[in-house]
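The values are calculated or read from the model by the stated rules, or taken from the named source; none is laboratory data. These figures come from a predicted structure and were not determined experimentally. Note that we place each Cβ from the backbone using ideal geometry, even for glycine, and neighbour counts take in every protein chain shown.
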Amino acid sequence: MTTEKVRLVPLGGLGEVGKNMMVVEYGNDIIIIDAGVMFPDDEMFGVDLVIPDTSYLNDKKDRIRGILITHGHEDHVGAIPYVLPMLGFPPIFATRLTHGLINVKLKEHKLLEKATVNVITPGDQLALGECLVEFFRVNHSIPDAVGIVIHTPLGTIVHTGDYKFDHTPVDGKPADLGTLGRIGNEGVLLMMGDSTRVESPGYTPSERVINDSLDKIFANASGRILIATFASLLSRVQQVVDTAVRYERQVALVGRSMVNNVQMAVELGYLNIPKSTLIRAEDINKFPPERVVIICTGSQGEPTSALTRIANQDHRLVRIQPNDTVILSATPVPGNEKMVNRTINNLFRQGADVFYQAISNVHVSGHGAQEELKLMLALIRPQFFMPVHGEYRQLVLHAKLAHSMDIAADRIVVAEDGDIIEVTSDAIRVKDHAACGNVFVDG
């Protein structure tokens, strides 16, 4: 019996939504996948962000070969400026757009000079210690998202990243099904799969369905349109801009992170915004209301975000006017529902017409539903399976789904943050537990 093993240590993202960070160990090599933040819940007074506890890695920094990033959303890259100095600045590998989003953060934290961020493209192969890493394209609600394959001497490990199978994605680049089939055919020891939408039967609709909803709202709006979404949800920004152009409206960006991300994505060619369409937020009152669209942050009711300040009437540039239409193009992250509802209530109080997911089709998830999760399992056909990226109930349901796809129960592990999982050629089990909690960031 072989004594070779791979160790997996989730430092975030298992049993919760957010702060995704997975440690993969083989021999003397450590490879980290993602380093994200989680938004604080109502009880965490004075806390702006929650990041993973990396104390497990304190005495192992010299073994870290790199941090691999699946995509540019906050719950996957937001902790990078905080954990990078703690880990001794290991090299980061990310796709071009994700690289740009990371650099915006590093610049804000004055860390750009110290960090090494390398650009990879889907299909690239990379030697890290004794392991060979490759990347495959997936669809998500942001361009340039990838899944990760780590070929260790013991066997191949696949991390799906966040994904859905969208045959009509906004950026026109479907998931790389051919590569997934090839990886599955070559044999996979372990798959870690996104569990976010395991409770939803069927398929997640394409991003394109939002175009129809936006079209109807734009056609009927007699005043300004304010759209709140994540600053990193760039596919959505493109859809809003395209609709604004069709209806001959100018677009203003409000919120520091929104302005920075959009500027970077335009420079890299990931967003196509006609020069004449974009106006400065300071100039919105120089245009008639029916010609203005404002894209801002605050879809999660975050206290310091643009939309929350607008709803609370304390934003320096934007006040709600009669006939304003507000669209919240995001679903509340679990735990944020109260804050989001408070924002919606305040906007209605000021006379705005508000569209949000519960009453209108203004958001589509970037995560696959049950049939897509089954398709991924069918393509990869792993020997062992570990659900990731979800609350505990979602991990359990994803494990059951894998079992229904003929993966034996003793070959599936439902783990939580801090668990140390050992995989050998013939078994998987939770071996130990490392100290692992939340680290709070205040402003």
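Residues of the stretch 407-428 that are out of contact with any helix residue (DSSP H, G or I) (no Cβ under 9 Å at 6 or more places or on another chain) and without any contact (Cβ under 8 Å) to a residue 24 or more places away in the chain: Ala408, Asp410. Just so you know, in the stretch 253-285 the residues that are of a type in the set (Ser, Thr, Tyr) and over 20 Å from the mean Cα position of the chain (by Cα) include one that is surrounded by the most Cβ atoms within 10 Å (Cβ to Cβ), and it is Thr277. Could you list, in sequence order, all residues of the stretch 37-59 that are of a type in the set (Phe, Trp, Tyr) and either part of a loop (DSSP other than H, G, I, E, B) or without any contact (Cβ under 8 Å) to a residue 40 or more places away in the chain (or both)? Passing the criteria: Phe39, Phe45.
Is it the case that some residue within the stretch 101-114 is part of a helix (DSSP H, G or I), surrounded by 24 or more Cβ atoms within 10 Å (Cβ to Cβ), within 22 Å of the chain's Cα centre (by Cα) and in contact (Cβ under 8 Å) with a residue 40 or more places away in the chain? Within the stretch 101-114, one or more residues are part of a helix (DSSP H, G or I), surrounded by 24 or more Cβ atoms within 10 Å (Cβ to Cβ), within 22 Å of the chain's Cα centre (by Cα) and in contact (Cβ under 8 Å) with a residue 40 or more places away in the chain.
Tell me the residue from Val133, Val158, Val170, Val149 that is part of a loop (DSSP other than H, G, I, E, B) and either in the same structural domain as Leu234 (by TED's automatic domain parsing) or β-branched (Val, Ile, Thr) (or both), please.
Details: Val133 fails: part of a loop (DSSP other than H, G, I, E, B); Val158 fails: part of a loop (DSSP other than H, G, I, E, B); Val149 fails: part of a loop (DSSP other than H, G, I, E, B).
The unique qualifying residue is Val170.
Can you pull out every residue in the stretch 398-412 that is farther than 24 Å from Pro52 by Cβ and either under 19 Å from the mean Cα position of the chain (by Cα) or in a helix (DSSP H, G or I) (or both)? If the condition is that a residue be farther than 24 Å from Pro52 by Cβ and either under 19 Å from the mean Cα position of the chain (by Cα) or in a helix (DSSP H, G or I) (or both), then Lys400, Leu401, Ala402, His403, Ser404, Ala409, Asp410, Arg411 are the ones that fit. Within the stretch 341-366, the set of residues being closer than 14 Å to Ala228 by Cβ, of a type in the set (Val, Ile, Thr) and within 19 Å of the chain's Cα centre (by Cα) comprises just one member, Val362.
Counting only helices (runs of 4 or more DSSP H) that sit wholly inside the stretch 226-339, those with at least 3 residues that are within 25 Å of Lys216 (Cβ to Cβ) and of a type outside the set (S, T, N, Q) are 234-246, 306-311. The set of residues in the stretch 198-248 being among the basic types (Lys, Arg) and surrounded by fewer than 23 Cβ atoms within 10 Å (Cβ to Cβ) consists of Arg208, Lys216, Arg246.
Residue count for the stretch 19-35 satisfying the condition of being part of a loop (DSSP other than H, G, I, E, B) and buried (at least 24 other Cβ atoms within 10 Å of the Cβ): 4.
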